[in-house]
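Here the structure is laid out as structure tokens; the discussion comes afterwards.
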Amino acid sequence: MRVLLIAPPGGGKGTQATRIAGRYGITHISSGDLFRRHVAERTSEGEAVAGYVARGDLVPDDLALRMLRDPIVVANEAGGFVLDGFPRTVSQAEAAYEIARQLGVTVHAVLSFELPRDVALERLRGRGTDGGRADDTEEVIRHRLDVYARNTTALIDFYRTRGILHTIDARPPVHEVTSAVFTVLDEVDHPD
Ligand code: ADP
């Protein structure tokens, strides 16, 4: 199975992606985790993306794609993937479509997690004070939410038009969101 997750910062996509990967036996690929790993390991790609990630700006498409392509191909060969954090823009979605076309595969479902901005902000403030990520400062959190809002309407339309978009209410407790996600994906996994 191949699934894409779209969610605002604080939307819980990392947590849900881990659970989806476990249930369906597919690989979890998180673009943010991948980039942070490169930054921590000081690879040349890590040096290139560090500034964008620290500011909460999107990494340029060519760089993001170069880093994600191999993990996607490998995961696809291993039975599928849940992609958390990519694509994030329509141009990335078009590039992802091109990769899928070359591999001769399609994406089965795109889940869009909906969460009001003030709730996302509260959640991320909590994470920041818990000694979380370096980009969980008030200023960068606000910027990440702005970047998300700016790019996501068109991205969601892109997938709605293709008939594979499912919206998920991300406000309930984590396990309830997981149930809603599994309900959607069980249908996708076993189409009539
Ligand atoms: P969040 O959704 O909470 O902001 P992520 O871990 O998904 O966190 O992403 C962290 C950062 O990594 C982003 O702010 C951005 O700098 C970079 N990033 C992640 N995914 C992408 C992507 N698909 N394209 C460009 N930049 C990305």
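Bear in mind these aren't lab numbers, they're just calculated from the coordinates by the rules spelled out. The model shown is predicted, which means the values in this text are computed figures rather than measured ones. Don't worry about glycine lacking a Cβ; one is built from the backbone with ideal geometry, like all the others, and counts go over all protein chains shown.
Pick out the one residue from Thr153, Thr161, Thr178, Thr167 that is in contact with a helix residue (DSSP H, G or I) (Cβ under 6 Å, 6 or more places away or on another chain) and away from the ligand (no atom under 14 Å from the Cβ).
Numbers: Thr153 fails: in contact with a helix residue (DSSP H, G or I) (Cβ under 6 Å, 6 or more places away or on another chain); Thr161 fails: in contact with a helix residue (DSSP H, G or I) (Cβ under 6 Å, 6 or more places away or on another chain); Thr167 fails: in contact with a helix residue (DSSP H, G or I) (Cβ under 6 Å, 6 or more places away or on another chain).
After applying the criteria, what remains is Thr178.
Just to be sure I understand the filter: pairs with C-beta atoms under 6 Å, separated by 6 or more residues or on different chains, first member in the range 56-84 and over 19 Å from Gly104 (Cβ atoms), second member near the ligand (Cβ under 8 Å from one of its atoms) and among the acidic types (Asp, Glu). Which pairs pass?
Gly56/Asp135
May I ask you to say which residue of Arg125, Arg101, Arg150 is over 18 Å from the mean Cα position of the chain (by Cα), without any contact (Cβ under 8 Å) to a residue 24 or more places away in the chain and within 21 Å of Gly32 (Cβ to Cβ)?
Among Arg125, Arg101, Arg150, only Arg125 is over 18 Å from the mean Cα position of the chain (by Cα), without any contact (Cβ under 8 Å) to a residue 24 or more places away in the chain and within 21 Å of Gly32 (Cβ to Cβ).
Just the residues that are without any contact (Cβ under 8 Å) to a residue 40 or more places away in the chain and not small (Gly, Ala, Ser), please, taken from the range 128-147.
Within the range 128-147, Thr129, Asp130, Asp136, Thr137, Glu138, Glu139, Arg142, Asp146 qualify.
Would the range 103-116 turn up any residue that is β-branched (Val, Ile, Thr) and either under 17 Å from Gly14 (Cβ atoms) or surrounded by 18 or more Cβ atoms within 10 Å (Cβ to Cβ) (or both)?
yes
So, in the range 104-122, exactly how many residues are without any contact (Cβ under 8 Å) to a residue 60 or more places away in the chain and basic (Lys, Arg)?
Residues flagged as without any contact (Cβ under 8 Å) to a residue 60 or more places away in the chain and basic (Lys, Arg) within the range 104-122 amount to 0.
Residue-wise test of (1) in contact with a Gly (Cβ under 6 Å, 6 or more places away or on another chain); (2) within 12 Å of the ligand (Cβ to nearest atom).
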| position | (1), (2) |
| --- | --- |
| Arg19 | no, no |
| His28 | no, no |
| Gly32 | yes, yes |
| His38 | yes, yes |
| Glu47 | no, no |
| Arg55 | no, yes |
| Ala64 | no, yes |
| Met67 | no, yes |
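Of (1) more than 12 Å from the ligand (Cβ to nearest atom); (2) over 13 Å from the mean Cα position of the chain (by Cα), Val110 satisfies all except one. Which?
Result: Val110 passes all but (2).
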